[in-house]
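Student: Quick one: the structure is below, and I'll ask about it shortly.
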Amino acid sequence: MKDPEININLSPQENGEDSNAAEGASREDSEAKKLASELEDMRQTLVRHQADFANYRKRADKENREAGQRATARIIEQLIPIVDGFEHALAAHREAEYDNYRKGFELIYKQLLDNLARLGVERVDPRGKPFDPHLHQAVDRAETSDHPDGTVLEVYQPGYVYHGRVLRPAMVRVAVHPNLASNKFAH
């Protein structure tokens, strides 16, 4: 007698293996999506940190530059009276016997001014220009009709500017029209 063939074909759902596989694939997809989401969050965090660091570096560089300029400005402010001293010394002795000394002083004076200019110092000599209270200090006024009102007639002491910052304003004499001067005090 022949044994009857028993052929049992279970459907995937019936044997449970594919069900587990589908469940596993679903779980893997969920984990992959979760990992992808975490990876994207980490990438975004990294991009933000890189931008923050780049901004920090720019800010630190700017602050260092400004601190250097402030330190240089303090040194320059201390050198300005020396320039004034040279100018007074050069103006004092115009006699022939002082010519050799004068030439030496003029050379040193020129070197000092050239070095200050290389550092970014600008000398303010506003003679003939309109008075600017941000750059000039009026210490005298002269009533005149020969010049427009507010014109700088004479510079008693030059001013100095360093990278747009006034180190010392120019001390000046300013023109005032006689009729304007009397009208100002008439009220």
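Here, each number is a calculation from the coordinates, and none is a lab measurement. Because the structure is a prediction, the values reported are computed rather than measured. Backbone-built Cβ (ideal geometry, glycine too); neighbour counts: all protein chains shown.
Student: Kindly check whether there is at least one residue in region 132-152 that is outside any helix (DSSP H, G or I), exposed (fewer than 14 other Cβ atoms within 10 Å of the Cβ), in contact (Cβ under 8 Å) with a residue 24 or more places away in the chain and hydroxyl-bearing (Ser, Thr, Tyr).
Tutor: yes
Student: If you don't mind, another one. Evaluate region 90-102: report whether one residue or more is under 17 Å from the mean Cα position of the chain (by Cα), more than 25 Å from ALA170 (Cα to Cα) and among the basic types (Lys, Arg).
Tutor: no
Student: Of the conditions (1) under 23 Å from the mean Cα position of the chain (by Cα); (2) under 29 Å from LEU153 (Cα atoms); (3) touching a residue at least 12 places away in the same chain (Cβ under 8 Å), GLN69 satisfies every one except a single condition; which number is it?
Tutor: (2)
Student: Go through region 89-105 and count every residue that is of a type in the set (D, E, K, R), loosely packed, with under 13 Cβ neighbours inside 10 Å and in a helix (DSSP H, G or I).
Tutor: Summing the residues that are of a type in the set (D, E, K, R), loosely packed, with under 13 Cβ neighbours inside 10 Å and in a helix (DSSP H, G or I) in region 89-105 gives 3.
Student: Out of the residues in region 106-128 meeting the condition of being out of contact with any Leu (no Cβ under 9 Å at 6 or more places or on another chain) and among the basic types (Lys, Arg), tell me which one is surrounded by the most Cβ atoms within 10 Å (Cβ to Cβ).
Tutor: Once the filter is applied, the top-ranked residue is LYS110.
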